[in-house]
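S.K.: Before we start, here is the structure in question, set down as structure tokens.
The values are calculated or read from the model by the stated rules, or taken from the named source; none is laboratory data. Source: prediction; values computed, not measured. With ideal geometry, Cβ positions are generated from the backbone for all residues, glycine too; neighbour counts draw on all protein chains shown.
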Amino acid sequence: MGYLRDMAHTLVESGGPHTARINDWVAAVDKMYHEFSSEMDSYKRQLEKTLGIQNRSPRGEMASSMAKDKLQHREFNEEKRKSARKRE
């Protein structure tokens, strides 16, 4: 997923007639992936409840949330660095 997003950003940075469509595609894929991920998390919780399996500790969920935030921050910094290179 990340590789495809990086490819799309590279294509958008280089410009071209399909930039707007690529941006639309990336937004649509991100939305579908988020929805899919949420559904799978919900399904996992239901399955764990049915099987009587203990859920992850709040600490595990917090670590997962922190990892997601760190990844988003890294992607943001990568985009800034690419923009700076392009300006040079």
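S.K.: Determine if the stretch 43-61 includes at least one residue that is assigned to a helix (DSSP H, G or I), modelled with pLDDT under 90 and under 20 Å from the mean Cα position of the chain (by Cα).
M.R.: Yes - at least one qualifying residue is present in the stretch 43-61.
S.K.: Report, by residue number, each residue of the stretch 11-20 that is surrounded by 11 or more Cβ atoms within 10 Å (Cβ to Cβ) and in a helix (DSSP H, G or I).
M.R.: Across the stretch 11-20, the qualifying residues are Leu11, Val12, Glu13, Thr19.
S.K.: Inspect the stretch 28-42 for any residue being modelled with pLDDT of 90 or more and of a type in the set (Lys, Arg) and give the result as yes or no.
M.R.: Yes, some residue in the stretch 28-42 is modelled with pLDDT of 90 or more and of a type in the set (Lys, Arg).
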